[in-house]
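Asks: Okay, handing you the structure first.
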């Protein structure tokens, strides 16, 4: 597999529909986040206000994550994902109305800002269920031997969406404004919903009806903490993203430091995802399983260096290059982590393990956004980014020294065993 059949997963029609739905919802979510970031900063001109966006979304996402994984293991993942997309669409309509000049005419800006924050908070609940549902659904669409290949393309679809979503968001802000940009976002959420209608209902992975919610959640947590390769990978990624969250304060760089406007903001916002997407395509042809531990440590170290360069750069194109390289290194990290999860997670526990992963890695993006906002306010924007990059380098070094077994992690044996099943 791997090198000989890089496109093997595309032979399954439902997987193609799954990728389309995955692309559309991530595109919509990524574009919406960028558009709302711009609107909030335009209202407040405060880096701290941008930090609140991440914090408000991550609180419900973390609080509901384990329960969402429990539900994902006991429900038809297709129907559950469709319900999540409907919830996202309702929130998009709300943001569409809150950014409509006619609708908010006469309202104080503080009230408009409060309404945006409330909808972001509600979106965190929806997001809590999307992650484990998507992770579990793919396992019922492809045969087990194609899980690694499917995981690579699944991640690639998400990253392509993160390329185009922020870029289009930056351009549409200038072309049609924030309000009509929200209308485009709603259209992509409908596309995701339509794609899912072409996928057949799926079986329930965990049919143990006698198991209590607490017992179910505890089982998922025990698995993650006992599987050291899973725990090490997601912990390392979490810390790197937490302290390397410079992307969250890109509006400050675009408007006040680099002075490149909404179009430049879109390019800056998309640069990391472009790097990640290219790495996803390369990895489908040249898998990264051998010496995975050392590779993971190396690329996260490279990620920290790129954040340092970005923070110190005063040149737009050097900043774009640094963000691009951060995406390349983050892409390798994501591929290794996702492959570990797919190969070592039993089907009946996929939802719960994905939820734990969401707490470690997914929530760290928003916590990193909040940390970046706080640090920018306390230290200044540039100093806060340099601090984050330095902390990432120190964390990688400490992890490599403290976990010698993780440095020896190799996934080739797991891949051969999975392919032979």
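Asks: Do you know which of the residues in the stretch 277-325 that are more than 22 Å from the chain's Cα centre (by Cα), assigned to a helix (DSSP H, G or I) and closer than 30 Å to residue 343 by Cβ is modelled with the highest pLDDT?
Replies: 294
Asks: Residues that are more than 30 Å from residue 75 (Cβ to Cβ) and modelled with pLDDT of 75 or more: which helices (runs of 4 or more DSSP H) entirely in the stretch 349-417 hold 1 or more of them?
Replies: On the way: elements: 350-357, 363-379, 381-402, 404-407.
Because the criterion is at least 1 residues that are more than 30 Å from residue 75 (Cβ to Cβ) and modelled with pLDDT of 75 or more, the helices (runs of 4 or more DSSP H) in the stretch 349-417 that meet it are 363-379, 381-402, 404-407.
Asks: Out of (1) touching a helix residue (DSSP H, G or I) at 6+ places or on another chain (Cβ under 8 Å); (2) surrounded by fewer than 24 Cβ atoms within 10 Å (Cβ to Cβ); (3) closer than 22 Å to residue 189 by Cα, the odd one out for residue 57 is which?
Replies: For residue 57, the failing item is (2).
Asks: For the stretch 392-402, what are the residues that are touching a helix residue (DSSP H, G or I) at 6+ places or on another chain (Cβ under 8 Å) and either crowded, with 19+ Cβ neighbours inside 10 Å or farther than 14 Å from residue 235 by Cα (or both)? Write out each step before concluding.
Replies: Within the stretch 392-402, the subset touching a helix residue (DSSP H, G or I) at 6+ places or on another chain (Cβ under 8 Å) is 392-393, 395-397, 399-400.
Once the filter is applied, which keeps residues that are touching a helix residue (DSSP H, G or I) at 6+ places or on another chain (Cβ under 8 Å) and either crowded, with 19+ Cβ neighbours inside 10 Å or farther than 14 Å from residue 235 by Cα (or both), the stretch 392-402 yields 392, 393, 395, 396, 399, 400.
Asks: To continue, here is another question. Go through the stretch 290-305 and give me each residue that's closer than 23 Å to residue 239 by Cβ and either surrounded by fewer than 17 Cβ atoms within 10 Å (Cβ to Cβ) or touching a residue at least 60 places away in the same chain (Cβ under 8 Å) (or both). Let's see the steps before the verdict.
Replies: If we filter the stretch 290-305 for residues that are closer than 23 Å to residue 239 by Cβ, which is where we start, we get 291-305.
Selection gives 291, 292, 293, 294, 296, 297, 298, 300, 301, 303, 304, 305.
Asks: May I ask you to say which residue of 74, 78, 144 is surrounded by fewer than 24 Cβ atoms within 10 Å (Cβ to Cβ), over 28 Å from residue 34 (Cβ atoms) and modelled with pLDDT of 90 or more?
Replies: Details: 74 fails: modelled with pLDDT of 90 or more; 144 fails: modelled with pLDDT of 90 or more.
Of 74, 78, 144, the one residue that is surrounded by fewer than 24 Cβ atoms within 10 Å (Cβ to Cβ), over 28 Å from residue 34 (Cβ atoms) and modelled with pLDDT of 90 or more is 78.
Asks: Take the residues of the stretch 118-141 that are surrounded by 17 or more Cβ atoms within 10 Å (Cβ to Cβ) and more than 18 Å from the chain's Cα centre (by Cα): which is farthest from residue 65 (Cα to Cα)?
Replies: If we take residues in the stretch 118-141 being surrounded by 17 or more Cβ atoms within 10 Å (Cβ to Cβ) and more than 18 Å from the chain's Cα centre (by Cα), then 141 is farthest from residue 65 (Cα to Cα).
Asks: Can I ask one more? Scan the stretch 230-250 and tell me whether some residue there is crowded, with 20+ Cβ neighbours inside 10 Å, modelled with pLDDT of 80 or more and more than 29 Å from residue 86 (Cβ to Cβ).
Replies: Filtering the stretch 230-250 for residues crowded, with 20+ Cβ neighbours inside 10 Å gives 230, 232-234, 236-250.
Remaining after also requiring modelled with pLDDT of 80 or more: 250.
Filter once more, keeping what is more than 29 Å from residue 86 (Cβ to Cβ): 250.
Yes - at least one qualifying residue is present in the stretch 230-250.
The values are calculated or read from the model by the stated rules, or taken from the named source; none is laboratory data. On a predicted model such as this, the values are computed, not experimentally measured, just so you know. Here Cβ is always computed from backbone atoms with ideal geometry, including for glycine, and neighbour counts include all displayed protein chains.
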